[in-house]
Amino acid sequence: MRAEELLPDDLNQGQFNGTVVRKGTVGAFLINARMLIDPQTPEDQRTAATQDILQALPALRALGLFELMQVRDPLVRALCEQEPGVPPVTQL
């Protein structure tokens with residue numbers, strides 16, 4: 001399947017397993033994860049990236065991302081394994 005078959009150019013979101021997922025969610029997750037593992041990322045940007053990842057987790061789970069792929073970085077993996085309503089892990 002090609003990306004445009006999943007979400008054509010004229011659509012910016014779709015519903016997957018009962019959850020609305022915006023186009024770009026996986027790409028944004030990757031950028032935020034890279035920011036978290038970069039020791040040069042300022043703390044305010046790390047905080048924003050953490051919050052963005054937490055907000056994207058329902059969509060990423062609805063897509064089945066973590067059923068197929070394992071996050072290598074321990075901090076990002078722990079963040080992705082967070083249960084809703086539990087304070088985020090900020091360091092290991």
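Can you confirm whether ALA78 is surrounded by fewer than 17 Cβ atoms within 10 Å (Cβ to Cβ), at pLDDT below 95 and not in a loop (DSSP other than H, G, I, E, B)?
yes
Residues to consider are LEU57, LEU30; find the one that is crowded, with 18+ Cβ neighbours inside 10 Å, of a type outside the set (S, T, N, Q) and either within 16 Å of CYS80 (Cβ to Cβ) or under 12 Å from the mean Cα position of the chain (by Cα) (or both).
Details: LEU30 fails: crowded, with 18+ Cβ neighbours inside 10 Å.
Matching residue, one of LEU57, LEU30: LEU57.
Identify all residues within the range 33-54 that are hydrophobic (A, V, I, L, M, F, W, C) and farther than 15 Å from GLU81 by Cα; write none if there are none.
Residues of the range 33-54 that are hydrophobic (A, V, I, L, M, F, W, C), as a first pass: 33, 35-37, 48-49, 53-54.
Residues satisfying the conditions are MET35, LEU36, ILE37, ALA48, ALA49.
Given the structure, is GLU83 on the phi < 0 side of the Ramachandran plot, part of a helix (DSSP H, G or I), surrounded by fewer than 16 Cβ atoms within 10 Å (Cβ to Cβ) and at pLDDT below 95?
no
Take GLY18 and decide whether it is over 17 Å from CYS80 (Cβ atoms), surrounded by 14 or more Cβ atoms within 10 Å (Cβ to Cβ) and small (Gly, Ala, Ser). Before the answer, list the steps.
Details: over 17 Å from CYS80 (Cβ atoms): yes; surrounded by 14 or more Cβ atoms within 10 Å (Cβ to Cβ): no; small (Gly, Ala, Ser): yes.
Judged against the criteria, GLY18 is not a match.
Would a scan of the range 33-45 turn up a residue that is within 21 Å of ALA78 (Cβ to Cβ), touching a Ser or Thr at 6+ places or on another chain (Cβ under 8 Å), surrounded by 16 or more Cβ atoms within 10 Å (Cβ to Cβ) and touching a residue at least 24 places away in the same chain (Cβ under 8 Å)?
Taking every residue of the range 33-45 in turn, at least one turns out to be within 21 Å of ALA78 (Cβ to Cβ), touching a Ser or Thr at 6+ places or on another chain (Cβ under 8 Å), surrounded by 16 or more Cβ atoms within 10 Å (Cβ to Cβ) and touching a residue at least 24 places away in the same chain (Cβ under 8 Å).
Answer yes or no: is there a residue in the range 65-85 that is of a type in the set (Phe, Trp, Tyr) and in contact (Cβ under 8 Å) with a residue 24 or more places away in the chain. Walk me through it before giving the result.
Of all residues in the range 65-85, those of a type in the set (Phe, Trp, Tyr) come to 66.
Remaining after also requiring in contact (Cβ under 8 Å) with a residue 24 or more places away in the chain: none.
There is no residue in the range 65-85 that is of a type in the set (Phe, Trp, Tyr) and in contact (Cβ under 8 Å) with a residue 24 or more places away in the chain.
The values are calculated or read from the model by the stated rules, or taken from the named source; none is laboratory data. Just so it is clear, the structure is predicted and the values come from calculations on it, not from any experiment. Please note: Cβ atoms are built from the backbone with ideal geometry, for glycine as well, and neighbour counts cover all protein chains shown.
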